[in-house]
Amino acid sequence: MKSPSRRRLASEDEDFAAPASGEDGYPDDGPPNPDLYGEESPGRSRTGETRVASIESVEEARRSRDEDEDDNADATRAGPPVQMHVLDGPDKGRKKRFQSVRMVVGRNKDCDFVLEDQSVSRRHLELVYGQAGVVMRDLGSVSGTQVNDQRVDECLLKHGDEISMGKTRLRFVDESEQIKELRAQAEAREAAEKREREAAAREAEENRKNQAAARGSEVDPNDPRFNEATNANYKLPESFKENSRAKGAVAVPRSRPPIRSTPTRSNSGGLTGKQKALIGGGGALVVVLVIGLMLIPSGPPPPPPPDPKVEKAKVLMQQARESVRADDFANAVRLVAEAEKLVPGIDADNLARGARTQLEVMTSLDAVRTLIEEKQFDEARAKLEATPQGTAKTDDIRRKLATELEEKDIAWRLQQVEESFASRDPETIRPLIAQLPPLNRPAYEVKLTDLEAELAKEAQDASRRTRNANARAAEVAKEKRKEFIAEAFTDVERRFNGGDYQRAVLECDRVMDKHRADKDVKDRALALKRLIPQFRRALEDGQKKLDANSLEAAAKPLRRAAELYRQIGFRGSLGNTIDEQLASSSLAAGQSALKKGDLGAAGSHFREALRLNPGDGRAREGLENLQKKAEELFLRAYIQRDRDPKAAAEMFKVVIETASEGSDVKRKAEMYLSELQP
């Protein structure tokens, strides 16, 4: 039978640790696995446990109560009959009993057993009490934990095991096992004392018998046991007598039952020689028998030879446990099945059932891992939720897989969003951003907003480029159209520049006949037929006045001829000639208007002459004189602005019209005119 105190190292797949939530150390969703902890212990009633106090006072009171209970052996407690003794370290001499099924040891104040050793982690290890015993489990400490000088992460403790952590050394004490040890020691002492007494008694009896054998030859003849009448009632067998005679042995007298008749003494009052010889031989025989009995070894019979099936089954079970530690659960199930065939019921710990459960869990977790690698995250999440609960190790793997699943799912979604930005399609990007966690959305929403603004700007630029391209295309088409029309009127232009205006008009009719279907050509021909005669009359009128040396009078028809020439649109030396004649006539008209005091007309004529002939110094000198006249007029207007505002306003208007652009006189005239005419 398996002793509950038998120590064994727990396999990594066994989950002996009770979760931290719940009043008794169990999770809210139920007690621990009965396969690992045994039958579920009944829950405690919470009736009457309502208290009002601060956390610090409750913790301080609890620690004080725990310390008092550790020092008081008669204190009542609800925890299991186990405790921890500090053998070495800063807390040497302290003791701590279990207050529930779970005890956390470490430096942190919220631990059940708080140590002062600074080399111990805040939550160094935990001790969990279950049906199989007390399990020690390292909580990921930095320095690690040693049990009986061997580094372990999790193991089943037995009475007397020593736990080393940092500078502290603890001793695990199972009070029931301690009582058994004390009882066994007492029984051993009693058995030793009994054996000593029996040995002393045997030694005394042997000494007595040896002394009696040594006195066999010194027989008192008056001893009633050697009386013939007495010995007559106790005859020895004939074989015994013959052996005694042959060997010459002397019989040793033995105690006899009470004499039933009164012995009759012989007349001589002693034994004969023959009787003495028989008695001596019998005594020697008795001594030999006693020595032979003493030499026979005492003790229990030797144990029967071991059953080979049982031994093989034990080996298979050990191999199965090793397979469980190596996470080879399929092999463990096979080995346990072979052991059960040899010795039914040898799997008392339900190792096969635990291995099958672990095999199912590990297979499901492998499937989840495969789905994660295939980026089927929704299927992996559903598979992980459907995976049954396992041990502490598989739960840790489950938590890591859940974390990995969420991280890779988020990374995959982020990758999809990043790739969607390459398409520059907001309608595709926006649903992908909505699937991201709230923490990751703002950055991509800002990026999407920037993309939309960039796309809008690009659209505007594209539209502007399209408009510009269309405008350029229209300009090109217009230029080509203009060149086409100009080419159609080449003969008309040649006749016009040659001064043959009548033939030019006739050529317009020929062009219309040639391009009947072209409306633009027809409209151009009709306009030329109307403008050319007007131009001819204005030019001839201006030429006549120039010939008569009436420069001032020639300015008006020449200006009309220049305007008509621009409307006709032909290019040639005739236009330059008209501009030169118009510049001379405009200069003369300006000088005449300046003498007459018509500053507005003088300014118009001088500016026109300077426009047509920028190098004409006379036109520039005329504008300078006009500027002086404008300043004088401004002074007169400024003086009269209070007496005759209306006349002053008219003067300011003339100054504004005749003064040069940007001059101070023009700026002041505009200001005073605005005051007079708000």
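Numerical summary
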read-out: Residues of the range 546-579 satisfying the condition of being more than 21 Å from Lys596 (Cα to Cα), hydrophobic (A, V, I, L, M, F, W, C) and surrounded by 14 or more Cβ atoms within 10 Å (Cβ to Cβ); value: Leu546, Leu558, Ala561, Ala562, Leu564, Ile568, Phe570, Leu574, Ile578
read-out: Matching residues, the range 371-412, being without any contact (Cβ under 8 Å) to a residue 24 or more places away in the chain, charged (D, E, K, R) and in a helix (DSSP H, G or I); value: Glu373, Asp378, Glu379, Lys383, Glu385, Asp396, Arg399, Lys400, Glu406, Glu407
read-out: Residues within the range 161-175 that are part of a loop (DSSP other than H, G, I, E, B) and at negative phi, tallied; value: 2
read-out: Selection count where residues are part of a strand (DSSP E or B), among the β-branched types (Val, Ile, Thr) and under 17 Å from Leu87 (Cβ atoms), scope the range 114-160; value: 1
read-out: Index of the failed condition, Ser423 passing every other in (1) of a type in the set (Gly, Ala, Ser); (2) open to solvent by 50 Å² or more (accessible area, probe 1.4 Å); (3) at pLDDT 90 or above; value: (3)
read-out: Residues of the range 164-203 satisfying the condition of being of a type in the set (Ser, Thr, Tyr) and open to solvent by less than 40 Å² (accessible area, probe 1.4 Å); value: Ser164, Thr168
read-out: Residues of the range 651-675 satisfying the condition of being exposed (fewer than 14 other Cβ atoms within 10 Å of the Cβ) and part of a helix (DSSP H, G or I); value: Asp664, Arg667, Met671, Ser674, Glu675
read-out: Pairs where the first residue, in the range 455-480, is within 30 Å of Ala422 (Cβ to Cβ) and the second is surrounded by 10 or more Cβ atoms within 10 Å (Cβ to Cβ), C-beta under 9 Å, 6+ apart; value: Leu455/Arg424; Leu455/Pro426
read-out: Residue check for Gly597: at pLDDT below 80, loosely packed, with under 15 Cβ neighbours inside 10 Å, closer than 27 Å to Ala553 by Cα and among the small types (Gly, Ala, Ser); value: yes
read-out: Members of the range 496-516 that are within 24 Å of Ala538 (Cα to Cα) and open to solvent by less than 60 Å² (accessible area, probe 1.4 Å); value: Phe496, Gly499, Asp500, Tyr501, Ala504, Val505, Glu507, Cys508, Asp509
read-out: Residue count for the range 541-577, restricted to those that are hydroxyl-bearing (Ser, Thr, Tyr), more than 20 Å from Ala504 (Cα to Cα) and either in contact with a strand residue (DSSP E or B) (Cβ under 6 Å, 6 or more places away or on another chain) or not in a loop (DSSP other than H, G, I, E, B) (or both); value: 0
read-out: Qualifying helices (runs of 4 or more DSSP H) (wholly inside the range 419-528; at least 1 residues being of a type outside the set (A, V, I, L, M, F, W, C) and in contact with a Lys or Arg (Cβ under 7 Å, 6 or more places away or on another chain)); value: 490-497, 501-514
read-out: Meets criteria (open to solvent by 20 Å² or more (accessible area, probe 1.4 Å), among the β-branched types (Val, Ile, Thr), touching a residue at least 12 places away in the same chain (Cβ under 8 Å) and in a helix (DSSP H, G or I)) for Val315; value: no
read-out: Residues of the range 406-418 that turn out to be touching a Lys or Arg at 6+ places or on another chain (Cβ under 7 Å) and modelled with pLDDT under 90, as a count; value: 0
read-out: Residue within the range 417-433 that is within 30 Å of Val324 (Cβ to Cβ), out of contact with any Pro (no Cβ under 9 Å at 6 or more places or on another chain) and among the β-branched types (Val, Ile, Thr) present; value: no
read-out: Any hit, the range 646-653, residues being free of Cβ contacts under 8 Å to residues at least 40 places away in the same chain and either β-branched (Val, Ile, Thr) or in contact with a Gly (Cβ under 6 Å, 6 or more places away or on another chain) (or both); value: no
read-out: Selection within the range 517-526 - open to solvent by 70 Å² or more (accessible area, probe 1.4 Å) and either in contact (Cβ under 8 Å) with a residue 24 or more places away in the chain or among the polar types (S, T, N, Q) (or both); value: Asp520
read-out: Filter result (without any contact (Cβ under 8 Å) to a residue 24 or more places away in the chain, surrounded by 11 or more Cβ atoms within 10 Å (Cβ to Cβ) and not β-branched (Val, Ile, Thr)) within the range 426-447; value: Arg430, Leu432, Gln435, Arg441, Pro442, Ala443, Glu445
read-out: Evaluation of Val361 against (1) over 30 Å from Met317 (Cα atoms); (2) crowded, with 16+ Cβ neighbours inside 10 Å (one fails), failing number; value: (1)
read-out: Selection count where residues are part of a loop (DSSP other than H, G, I, E, B) and either among the charged types (D, E, K, R) or in contact (Cβ under 8 Å) with a residue 24 or more places away in the chain (or both), scope the range 613-635; value: 2
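The values are calculated or read from the model by the stated rules, or taken from the named source; none is laboratory data. Fair warning: this is a prediction, and the values are worked out from it, not measured in the lab. Cβ coordinates were reconstructed from backbone atoms using ideal geometry, including for glycine residues, and neighbour counts include every protein chain displayed. Quick note on the areas: whole protein, heavy atoms, side chains included, nothing else; ligands and nucleic acids left out. Shrake-Rupley method; radii C 1.70, N 1.55, O 1.52, S 1.80 Å.
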